[in-house]
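Inspection log for the structure reproduced underneath, given as structure tokens.
The values are calculated or read from the model by the stated rules, or taken from the named source; none is laboratory data. Predicted model, so just to flag it, every value in this text is computed and none were measured. We place every Cβ from the backbone using ideal geometry, glycine too, and count neighbours over all the protein chains shown. Just the protein is used for accessible areas: all its heavy atoms, side chains included, with ligands, DNA and RNA removed. Shrake-Rupley method; radii C 1.70, N 1.55, O 1.52, S 1.80 Å.
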Amino acid sequence: MKYYANLHTHSLHSDGKYTPARLAQMAKEEGYGAVAVTDHDTATAYPEFKAEWDRLGLETIFGVEFSAPSAFKRPETGSTVDFHIVGFHFDPEYPAMKEYLAGMSLREADQTRILVERGLREGLLKDITWEEVVQFNKGITWLCNEHVFLLMEAKGLATKADYPRFFDEVFGPRRSEVPPAYDFKPVDEMIRLIREAG
């Protein structure tokens with residue numbers, strides 16, 4: 001079957017499984033003529049993805065999937081409703097957007113670092129360091145639990161079967177215990193920033 005476009009994909013630069021170049025190659029193999037890489041709250045995959053997509057002679061468009069809380073409340077629980085907004089074809093170098101994307105990477109990596117260090121202290125993790133996580137995932141700034149687990153697999157400390165336990169014990173609900181270093185923009189502000197950035 002031939003497809004035309006997939007406008008929502010993730011790479012290793014957020015919580016995807018493949019490098020941007022491999023993601024582009026797989027999309028071509030599956031019959032796509034156009035694809036956007038839309039990682040969570042980061043734009044760092046796009047240069048590598050676009051270079052490979054151009055080499056393959058196909059179409060791409062820039063995009064990012066943003067997390068955004070809203071003022072809406074769930075009637076049954078009273079908790080707020082969070083949205084994911086995919087913004088396309090804006091300028092990631094627009095100063096306010098560049099600052100925001102840097103803040104989003106700081107937020108994710110800082111929470112992940114704190115949870116890794118806590119996991120090491122509590123004996124839930126062993127034989128890794130945060131510095132190793134950063135080095136192993138060179139060029140990636142939005143570092144999450146997936147990047148920690150990739151290092152553990154590479155070092156022979158875990159297999160895919162270990163992932164659910166690793167996630168539940170070290171990350172999962174515990175992420176909410178770590179105050180974020182940078183706040184998400186609410187829905188209306190996020191839409192406004194995407195539009196301002198083009």
TODO: Only residues that are open to solvent by less than 20 Å² (accessible area, probe 1.4 Å), part of a loop (DSSP other than H, G, I, E, B), out of contact with any His (no Cβ under 7 Å at 6 or more places or on another chain) and under 20 Å from Ile140 (Cβ atoms): list them for the stretch 14-42, please.
DONE: Asp41
- [ ] Might you let me know whether the stretch 60-67 holds any residue that is without any contact (Cβ under 8 Å) to a residue 12 or more places away in the chain and either polar (S, T, N, Q) or open to solvent by 10 Å² or more (accessible area, probe 1.4 Å) (or both)?
- [x] no
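Being in a loop (DSSP other than H, G, I, E, B), surrounded by fewer than 11 Cβ atoms within 10 Å (Cβ to Cβ) and either of a type outside the set (Gly, Ala, Ser) or at pLDDT below 95 (or both) is the filter here; which residues of the stretch 140-163 pass it? I'd like the intermediate steps shown before the answer.
Looking only at the stretch 140-163, we keep the residues that are in a loop (DSSP other than H, G, I, E, B), and these are 140-144, 155-159.
Among the residues that remain, those that are also surrounded by fewer than 11 Cβ atoms within 10 Å (Cβ to Cβ) are: 156, 159.
Scanning the stretch 140-163 gives a single hit, Thr159.
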Task: Some residue of the stretch 155-167 being within 19 Å of the chain's Cα centre (by Cα) and of a type in the set (D, E, K, R) - done: no
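I'd like to verify a number: residues in the stretch 22-52 that are without any contact (Cβ under 8 Å) to a residue 60 or more places away in the chain and closer than 24 Å to Ile85 by Cα, how many? Break it down into steps so the answer makes sense when it comes.
Filtering the stretch 22-52 down to residues without any contact (Cβ under 8 Å) to a residue 60 or more places away in the chain leaves 22-38, 43, 45-52.
This time we only want the ones that are closer than 24 Å to Ile85 by Cα, so: 23-24, 27, 32-38, 43, 45-50.
Of the residues in that region, 17 qualify.
Mind checking which residues of the stretch 104-123 are surrounded by fewer than 13 Cβ atoms within 10 Å (Cβ to Cβ) and assigned to a helix (DSSP H, G or I)? It would help to see each step written out before you state the result.
From the stretch 104-123, those surrounded by fewer than 13 Cβ atoms within 10 Å (Cβ to Cβ) are 121-123; that's our starting set.
Listed by number, the list holds a single entry, Arg121.
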TODO: Search the stretch 85-107 for residues that are under 14 Å from Tyr46 (Cβ atoms) and pair each with any residue that is modelled with pLDDT of 95 or more and among the acidic types (Asp, Glu) when their beta-carbon atoms are under 6 Å apart and the residues are at least 6 apart or on different chains.
DONE: Val86/Glu65
Open item on the list: Looking at the stretch 174-197 only, could you name the residues that are closer than 19 Å to Ala96 by Cα, open to solvent by 90 Å² or more (accessible area, probe 1.4 Å) and in a loop (DSSP other than H, G, I, E, B)?
Closed with: Asp183
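Kindly provide the set of residues from the stretch 69-100 that are of a type in the set (A, V, I, L, M, F, W, C) and either touching a Pro at 6+ places or on another chain (Cβ under 6 Å) or farther than 15 Å from Leu193 by Cβ (or both), ordered by number.
Of the stretch 69-100, the ones of a type in the set (A, V, I, L, M, F, W, C) are 71-72, 81, 83, 85-86, 88, 90, 96-97.
Matches in the stretch 69-100: Ala71, Phe72, Val81.
Quick grid of which residues meet (1) closer than 29 Å to Arg22 by Cβ; (2) acidic (Asp, Glu):
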residue	(1), (2)
Trp53	yes, no
Ser79	no, no
Arg107	yes, no
Asp110	yes, yes
Arg113	yes, no
Leu125	yes, no
Open item on the list: Suppose the filter is free of Cβ contacts under 8 Å to residues at least 40 places away in the same chain and open to solvent by less than 10 Å² (accessible area, probe 1.4 Å); does Val133 pass it?
Closed with: yes
- [ ] Report yes if some residue within the stretch 84-103 is out of contact with any helix residue (DSSP H, G or I) (no Cβ under 6 Å at 6 or more places or on another chain), of a type in the set (Ser, Thr, Tyr) and open to solvent by 60 Å² or more (accessible area, probe 1.4 Å); otherwise report no.
- [x] yes
